[in-house]
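FYI, it's all coordinate maths here, none of it is from the lab. Because the structure is a prediction, the values reported are computed rather than measured. Virtual Cβ from ideal backbone geometry, glycine too; neighbours counted across all protein chains shown.
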Amino acid sequence: MAASASATAVPYLDKTDFLKLQNGSDIRGVAVDGVEGEPVNLTEPVAEAIGAAFAAWLVEKKKADASQHLRVSIGHDSRISAKLLQNAISRGLAGGGLEVVHYGLASTPAMFNSTLTKNEAFLCPADGSIMITASHLPFNRNGFKFFTNAGGLGKADIKDILERAADIYNRFTEESLTNSERKASLSIKKVDYMIVYTSDLVKAVRKAAGNIEKPLGGFHIVVDAGNGAGGFFAAKVLEPLGAITSGSQFLEPDGLFPNHIPNPEDKTAMKAITQAVLDNKVDLGIIFDTDVDRSAAVDFTGREFNRNRLIALMAAIVLEEHPGTTIVTDSVTSDGLTTFIEKKLGGRHHRFKRGYKNVIDEAIRLNSIGEESHLAIETSGHGALKENHWLDDGAYLMVKILNKLASARASGKGGGSKVLTDLIDGLQEPDFAVELRLKINQNHPDLKGGAFRSFREYGEAVLKHLENSIGSDPSLHKAPVNYEGVRVSGYGGWFLLRLSLHDPVLPLNIEAPSNDDAVKLGLAVLAAVKDFAGLDTSALNKFVGAS
């Protein structure tokens, strides 16, 4: 790690160095040495500059004058670089004249919640909030998510903050760094805000069950936190509700993530929680990602509630409460899910773009124009509900599922988590599903000094050519409404080719009734993109059996 910012002059960095840290609506970088070819770029001085930039941005946003002392809460997940970055970003905030409140180990949803809570004993509400996390990325990475009471910051806000940070960073002097360190030592307070957050979750389940003190009494539920920040859920949420949690695993925070990646999309992680459910013969298993804004579940038979199944389950619960409402999802959800939501549940499925912020913002937009939407959810396990301030909260998703268990028990229905399994009865699932990643070679002559100025421009050209070529094949039909990439149905299934939000990659999703049908769809894509020499189609070649 870099030495303390107050003890060293900072090496020059330009704006592009800072802008490289942007990852959509988050900031992410390499914070720890130890991985070859990945030099540290999220140093303590860089973090301090980002803190100072957020302070300036927040003062401007809140139109605060000198008499107002804005307050920012800071929490972090279990990463080994968390404390150093927390202290560095605190120096930047304090140097900007803001009051800083440390929450310690916390979840991303809790940090946003701290801007809404009205409780002066816990120094709430915060005017702004920062979560130090890099979600499920490896141990050497870290980053920041920012919130105000209006929600998470958008891409334009992050770009603005990073540009400000670059200017602040290159104006650092030994004196200014020393002053910010002195101010931080005077202005930082510490609060255990997770007490407030977890008690709210507990209250929500009790209320759903008719104000029963222990509505989960007799249920055996295991939690897998993957050594991230979600270990609190077993002792602070489930046990006060009466659930047995023995058999829960990897609850202790460990930023090296020694057991598996904390990621509900990861097959190893899902296998681990499924095994825990079966070994302990429990009613339900719950798994979180590192910072608890994503989650998944496993029923008593070992059946996973993730991806399309989790969306189907949440849609079933929400549509019982709000008949006919629109469910907004990302672009890679299955056709079977659409049929389930619209034909079985009587709702409307609005398939939008990838990216949890995109999905949430689209649901908010629909409500603003008079189309009722109560759920925005991605196949990744990100999910937000209107009733919960559109907060992207993996723990709250699980609370909605627990509400269902508790209310079923309260009304005299038993059967453990079978009540959940029954809710997605009738969901058509493909026999075959695959995601292939077609990489764009940025060093190819077509991109390097060639006809295309960027990988994004090249990718868009690939998609346009694919779209044009579909019309010549009577077996294929382009989706009439589609917001991202090219989505096509045929051979009993569908494919979606889209451009990654951040990387020089065209992900290809294929779902079909059989491997043979999936190969036919893959061959149609291959035929359309084969002339783009800057596109690495080796994964697709291998899949369809081409040489």
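Observations on the structure shown:
- With Cα atoms defining each centre, the range 158-188 and the range 68-126 are spaced 16 Å apart in the structure.
- The range 253-362 - share of DSSP beta bridges that are antiparallel (%, nearest 5): 65
- Using a Förster distance of 35 Å, the FRET efficiency for Gln442-Leu256 (Cβ separation, nearest 0.05): 0.65
- Exceedance of the 20 Å cut-off in Cα-Cα distance is limited, within the set Lys15/Lys159; Lys281/Lys418; Lys62/Lys118; Lys118/Lys189; Lys236/Lys418, to Lys236/Lys418.
- Considering only the chain, percent of DSSP beta bridges that pair antiparallel, nearest 5: 65
- Cα coordinate range in the range 233-327, projected on the principal axes (Å, largest first): 44, 29, 25
- Residue-by-residue Karplus 3J(HN,Hα) for the range 100-105, coefficients 6.51, -1.76, 1.60, Hz, glycine and proline x: 10, 10, 8, 9, x, 5
- Value of relative contact order over the range 196-424, rounded to a whole percent, pairs C-alpha under 8 Å and six or more apart: 20
- Candidate values (1) 70, 61, 46; (2) 71, 69, 46; (3) 72, 62, 50, label of the one derived for Cα extents along the principal axes in Å: (2)
- Segments 258-265, 113-120 sorted - mean Cβ within 10 Å per residue, highest first: 258-265, 113-120
- Beta bridge orientation in the range 196-424: antiparallel %, DSSP, nearest 5: 50
- J(HN,Hα) series, the range 189-201, from Karplus relation 6.51 cos²θ - 1.76 cosθ + 1.60, nearest Hz, glycine and proline x: 10, 10, 9, 8, 5, 4, 4, 5, 4, 5, 5, 5, 5
- Of the peptides 91-97, 463-469, 45-51, the ranking by mean beta-carbon count within 10 Å, highest at the top, reads 45-51, 91-97, 463-469.
- Taking amide H atoms as placed 1.01 Å from N in the peptide plane, the amide H of Gln249 lies under 5 Å from those of Val223, Asp224, Ala225, each 5 or more residues away in sequence or on another chain.
- Our helix-only sum for the chain, with -39,500 (n - 2.57) per DSSP H run of n ≥ 4 divided by its residues, gives a mean residue ellipticity at 222 nm of -11000 deg cm²/dmol.
- Working note: Cα atoms of the range 196-424, range along each principal axis, descending, whole Å: 46, 42, 34.
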